[in-house]
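Q: I have a structure here, written as structure tokens, and I will follow up with some questions on it.
The values are calculated or read from the model by the stated rules, or taken from the named source; none is laboratory data. Values in this document were obtained by computation on a predicted structure and should not be read as measured data. Please note: Cβ atoms are built from the backbone with ideal geometry, for glycine as well, and neighbour counts cover all protein chains shown.
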Amino acid sequence: MKKSRYYCEILLRIEWVLNLMVLIINCTLIQGEEEEVVQATIDKLKIVINLLGSLLLVLGCVLLIPIVVSIIYQEQLASVFIIPALLSFIIGFFGKFTTSKQRVSLTTGMIVCGLAWIVVSLLGALPFYLALDYSFLDTFFEAVSGFTTTGITVFSGLENLPRSILFWRSLIQWLGGLGILTFFLFVTFKGQGGLFKLFTAESHKINQSRPTPNILKTIRILWLIYGGFTIVEMIILYLLGVSLFDAIAHSLTTVSTGGFSPYDSSIGYFKEAGYQNYKIIEYVIIFFMTLGGINFLVHYKVLTGNLKELWDGIEMKYFWGIIAGAVSLILVNHYSYFPFSWTSLEEAIRKTLFQVIALLTTTGFGTQDIGSTFFPAVARQIFLILMLTGACVGSTSGGFKLIRIVILNKLFKREIRKVYYPQGAVLPVVVDDSIIADKEVFRVVALFFGWLLLLFIGGGITAFFSDLPAWNAFSGIFSALGNIGPFYFSVKQMQELSDIIKVTYIIAMLAGRLEILPLFILFNKQAWRR
């Protein structure tokens, strides 16, 4: 437990957040603006504060949950959760009850989305800061990595950390899996006043159908499926001999494709600890990581009897094809360096399949270090590609998403056809017998450019402010922006990176989880005025 003087520093951090909001307001309310523009900005700010207040009231309740774990393990750490919970309640109360409700536009929803993930991560970092001997930046980094389900950690010696802290670390990844705003809508059952725009802002991946036309019913269905998968995995792991705490902690971070583990060696711990069923445990986690990487609309259709959805759509075909292709290429690459043996084949397939699924779904668990000699140069290049693509839209995974790769591929083929087709020929981009609107295609291209730009800038900053080789430097920003976790250098080296690099990774993790637009709209002056 930190000394009492650190509680004063908490107030300074809150003051920093308030100053940030004042800075945003000052950027929007410049002198010389027309009165109606100023009033429109103030009205929008009131809506944002009201929604953030409601969200923080929910967060305050969630912060109390780990106290149960603290009591069970007699850790006497209740205060490290009570203090941020009280702060969340106080700030939330004033935010909610000093402003009035109004309808939410998509732009306002994106502003709320961007601010919500920052504010929630700041408050979610406080238990780490109060209980552990890390700087506030490191604990904020860990909280952002948790909520965005990235899984990059600056904590080491995880086995020695308090169980309540480890549980909170897993819980925030589970909350971030489907999105903290969708969780807020799920537990509050609020949909009036255009609050469904919050869901759209957080899940603006691409236009797609929903289980039901009603957005709140859709959210409930998604969370019930998500929660159901998590509980089933907990039960299976527990029956395989995993302790109840480990079963819960790993299940919370598997379907959410987060990748936090209570152990430094991640899933490799079960082999190291002598679990007889460690192979089955790894296959179970492979299965549930795969579920997390599949569109939850596909899960809904499969659970309602339409099994062909698992392979019918083009995105699912890409998903299975990439897994099969990546595993095959990596195995060939592996055995080009190591002698082939039938006795080692199962282990090689299991380790390769585990790592391909972990990176494609952006879960980030590991049974073998991706920088080890087990994975030669070609394998490491394939891993970087998997980090970029990610899995399916509508899943809990990060990355650029396979459906966008499909659209870019179709767009590339269309531009080739335009060369030899008559001028003026209509050649739409078609995916699964549906025409993709030009505005959607433009957005995909813009997002792809944004991804490449952030990768280039982040990799450059990492290389400039560290002594990491270019390959390692780019793996770090790939991992942060893709919300993945693993990278080609050690956790110790991550801990020792400069604050500038850590802030860059924080921005990248948020940008990757929010898919760039909400984070940049947050600091766009015109967005606050309209």
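Q: Spot the failing condition for residue 325; the list is (1) closer than 20 Å to residue 267 by Cβ; (2) out of contact with any Ser or Thr (no Cβ under 8 Å at 6 or more places or on another chain); (3) at pLDDT 95 or above, and only one is missed.
A: Single failed check for residue 325: (1).
Q: A further question follows. So which pairs qualify, if the first residue must be in the stretch 325-352 and among the aromatic types (Phe, Trp, Tyr), the second must be surrounded by 14 or more Cβ atoms within 10 Å (Cβ to Cβ), the Cβ gap must be under 7 Å, and the two must be at least 6 apart or on different chains?
A: Once the first residue is among the aromatic types (Phe, Trp, Tyr) and sits in the stretch 325-352, its partners that are surrounded by 14 or more Cβ atoms within 10 Å (Cβ to Cβ) give 337/376.
Q: Hey, another quick one. Which condition number does residue 373 fail, the rest of (1) over 28 Å from the mean Cα position of the chain (by Cα); (2) modelled with pLDDT under 90 being met?
A: (2)
Q: Can you name every residue in the stretch 417-476 that is over 29 Å from residue 520 (Cα atoms) and of a type in the set (S, T, N, Q)?
A: Within the stretch 417-476, 423, 434 qualify.
Q: Under 6 Å by Cβ, and 6 or more places apart or on different chains, what pairs join a residue from the stretch 355-382 that is touching a residue at least 12 places away in the same chain (Cβ under 8 Å) and crowded, with 21+ Cβ neighbours inside 10 Å with one that is of a type in the set (Ser, Thr, Tyr) and assigned to a loop (DSSP other than H, G, I, E, B)?
A: 361/257; 361/397; 362/257; 362/397; 363/257
Q: Take the residues in the stretch 224-268 that are in a helix (DSSP H, G or I) and touching a Gly at 6+ places or on another chain (Cβ under 7 Å), then tell me which one is surrounded by the fewest Cβ atoms within 10 Å (Cβ to Cβ).
A: 268
Q: Can you tell me which residue within the stretch 271-295, out of those that are aliphatic (A, V, I, L, M) and not in a helix (DSSP H, G or I), is surrounded by the fewest Cβ atoms within 10 Å (Cβ to Cβ)?
A: Only one residue tops the list, namely 273.
Q: Could you please tell me which pairs satisfy a Cβ distance under 6 Å, a separation of 6+ or placement on different chains, a first residue in the stretch 383-395 that is more than 20 Å from residue 311 (Cβ to Cβ), and a second residue that is aromatic (Phe, Trp, Tyr) and surrounded by fewer than 24 Cβ atoms within 10 Å (Cβ to Cβ)?
A: Pairs found: 388/400.
Q: While we're on this one: Consider residue 403 carefully, then state whether it is within 30 Å of residue 365 (Cβ to Cβ), out of contact with any Ser or Thr (no Cβ under 9 Å at 6 or more places or on another chain), buried (at least 18 other Cβ atoms within 10 Å of the Cβ) and among the β-branched types (Val, Ile, Thr).
A: It is true that residue 403 is within 30 Å of residue 365 (Cβ to Cβ), out of contact with any Ser or Thr (no Cβ under 9 Å at 6 or more places or on another chain), buried (at least 18 other Cβ atoms within 10 Å of the Cβ) and among the β-branched types (Val, Ile, Thr).
Q: Could you list all residues from the stretch 148-168 that are part of a helix (DSSP H, G or I) and either touching a Lys or Arg at 6+ places or on another chain (Cβ under 7 Å) or over 19 Å from residue 487 (Cβ atoms) (or both)?
A: 159, 160, 163, 164, 165, 166, 167, 168
Q: Which residues, taken from the stretch 473-511, are farther than 15 Å from residue 370 by Cβ, surrounded by fewer than 24 Cβ atoms within 10 Å (Cβ to Cβ) and touching a Phe, Trp or Tyr at 6+ places or on another chain (Cβ under 7 Å)?
A: Hits for the stretch 473-511 are 498, 500, 501, 502, 506.
Q: Of the residues 134, 129, which is part of a helix (DSSP H, G or I) and of a type outside the set (S, T, N, Q)?
A: On inspection, the qualifying residue turns out to be 129.
Q: Identify all residues within the stretch 127-166 that are closer than 22 Å to residue 78 by Cα, surrounded by fewer than 21 Cβ atoms within 10 Å (Cβ to Cβ) and among the polar types (S, T, N, Q); write none if there are none.
A: The answer is 135, 160.
Q: Let me confirm something: among 70, 54, 88, which residue is closer than 24 Å to residue 182 by Cβ, buried (at least 16 other Cβ atoms within 10 Å of the Cβ), among the polar types (S, T, N, Q) and at pLDDT 90 or above?
A: The conditions single out 88.
Q: If I ask for residues that are assigned to a helix (DSSP H, G or I), surrounded by 13 or more Cβ atoms within 10 Å (Cβ to Cβ), small (Gly, Ala, Ser) and without any contact (Cβ under 8 Å) to a residue 60 or more places away in the chain, which ones from the stretch 417-472 would you list?
A: 458, 459, 460, 463
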